[in-house]
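A short write-up of the structure that comes next.
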Amino acid sequence: MAQNGNASELVVLKKVKKHYPVTGGVFRRQVGTVKAVDGVSLAIRRGETLGLVGESGCGKSTLGRVILRLERPTSGSILYDGRDILALSRDEMRPLRRKMQIIFQDPYSSLNPRQTVGRIISEGLVIHGVGTPEERMDRVRYLMNVVGLRPEHINRYPHEFSGGQRQRIGIARALALQPELIICDEPVSALDVSIQAQVINLLMDLQEEFQLTYLFVSHDLSVVRHISDRVAVMYLGRIVELADKKELYRNPLHPYTQALLEAAPLPDPDRKKERKGLTGDLPSPLNPPSGCHFHPRCPKAMEQCRKSVPVLKEKGDRHWVRCFLYGDEVDESL
Ligand code: SF4
């Protein structure tokens, strides 16, 4: 995997970990560790959409927050445009914050119900001291138009909009500061299926118009399929497979990816009988299974899977997989 910041890579993560201590008992001693993100190395290329997929609780949203430095990683490094963002002071980080934005899953709870749409969308402009009040309102009207909202509704409140329109407000807010990178954190999972496609198409149009780079986080491989250039599959804090979209869906290598694809809805109901999908729940990231975290649910698990962690290695053209079915190399860093 490309791990040195080169010009085509906007974000480069190297062995990033985010662990949370868990305390208990009268003396609040540490009784365990939640390994939300556990040694992720990944690059996001300029102008691409990298889909990040996994079940809820696998650490994908935490990874997004770590990239934005909303949370500090426990270890590892994050380069943004070649700069180590963990070494930057608050002041040095400020201009970079404008370039990195987030769209949240729930468009209702992420919008302040007591603020007008104009105020919500212009919040970042105010914080960063961009423009006069009139210029800011002009920009808000422009952005409302861009995302398919009516600019004359600038003084309305979030509850006066539908779910899909509220997500468009969230998207306009993310665009306000002309970012380069947007972390889309399950941006359509709270929306009706009929609205999901509209919002995804809007995001794709905006990407082309504003040369945006997306990390698109989702639990749903079928949602990610339409929008992504490449897809990374995450399981309990680790990337287990990464490939160009077509390659991943045509030739999934990791048993977890194969199970996720088998579990995805099929248009032909007769084929349901043949499908196996995933068995069992995602184990807790607090003291997860030893070795390959997937071994208790894996139909192909072998003895070594319980003891050691396979490395993420390239199998074929830009197709990376972390599984002992494709080689015996052990990842000593985990
Ligand atoms: Fe299954 Fe072993 Fe591969 Fe893990 S390493 S996915 S347990 S075969």
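The values are calculated or read from the model by the stated rules, or taken from the named source; none is laboratory data. Keep in mind it's a predicted model, so treat the numbers as computed, not measured. Note that we place each Cβ from the backbone using ideal geometry, even for glycine, and neighbour counts take in every protein chain shown. These accessible areas exclude ligands, DNA and RNA; they are computed on the full protein's heavy atoms, side chains included. Shrake-Rupley method; radii C 1.70, N 1.55, O 1.52, S 1.80 Å.
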**Asked** Restricting attention to segment 141-160, which residues are of a type outside the set (Asp, Glu) and either touching a His at 6+ places or on another chain (Cβ under 6 Å) or outside any loop (DSSP other than H, G, I, E, B) (or both)?
**Response** Arg141, Tyr142, Leu143, Met144, Asn145, Val146, Pro151, His153, Pro158, His159
**Prompt:** Only one of Tyr256, Tyr249 is closer than 25 Å to Gly316 by Cβ and open to solvent by 20 Å² or more (accessible area, probe 1.4 Å); which?
**Reply:** Tyr249
**Fill in**
Filtering segment 152-203 down to residues that are open to solvent by 20 Å² or more (accessible area, probe 1.4 Å), of a type outside the set (Ser, Thr, Tyr) and under 17 Å from Gln115 (Cβ atoms) yields His153, Asn155, Arg156, His159, Glu160, Gln165, Arg166, Arg168, Arg173
**Message:** Being at negative phi, at pLDDT 95 or above and not in a helix (DSSP H, G or I) is the requirement here; does Ser56 meet it?
**Reply:** no
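Condition check ((1) in contact with a Phe, Trp or Tyr (Cβ under 8 Å, 6 or more places away or on another chain); (2) over 29 Å from Arg69 (Cβ atoms)) across all residues:
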site: Val130; (1), (2): no, no
site: Glu134; (1), (2): no, yes
site: Arg139; (1), (2): no, no
site: Arg150; (1), (2): no, yes
site: Tyr157; (1), (2): no, yes
site: Arg173; (1), (2): no, no
site: Leu181; (1), (2): yes, no
site: Asp185; (1), (2): yes, no
site: Gln207; (1), (2): yes, no
**Prompt:** Restricting the search to segment 259-286, which residues are surrounded by 13 or more Cβ atoms within 10 Å (Cβ to Cβ) and either outside any loop (DSSP other than H, G, I, E, B) or modelled with pLDDT of 80 or more (or both)?
**Reply:** Ala259, Leu260, Leu261, Glu262, Ala263, Leu282, Pro283, Pro285, Leu286
**Asked** Which is under 23 Å from Ala36 (Cα atoms) and open to solvent by 40 Å² or more (accessible area, probe 1.4 Å), of Asp91, Asp106, Asp138, Asp81?
**Response** Asp106
**Asked** Scanning segment 303-319 for residues that are exposed (fewer than 13 other Cβ atoms within 10 Å of the Cβ) and within 14 Å of the ligand (Cβ to nearest atom), which turns out nearest to Thr33 (Cα to Cα)?
**Response** Lys307
**Message:** Could you go through segment 223-235 and let me know if any residue there is among the small types (Gly, Ala, Ser), within 14 Å of the chain's Cα centre (by Cα), closer than 24 Å to Gln198 by Cβ and more than 15 Å from the ligand (Cβ to nearest atom).
**Reply:** yes
**Asked** Just checking, which of Val126, Val66 is out of contact with any Leu (no Cβ under 9 Å at 6 or more places or on another chain) and at pLDDT 95 or above?
**Response** Val126
**Request:** Tell me which residues, restricted to segment 320-333, are under 22 Å from Val231 (Cβ atoms) and surrounded by fewer than 20 Cβ atoms within 10 Å (Cβ to Cβ).
**Result:** Leu325, Tyr326, Gly327, Asp331
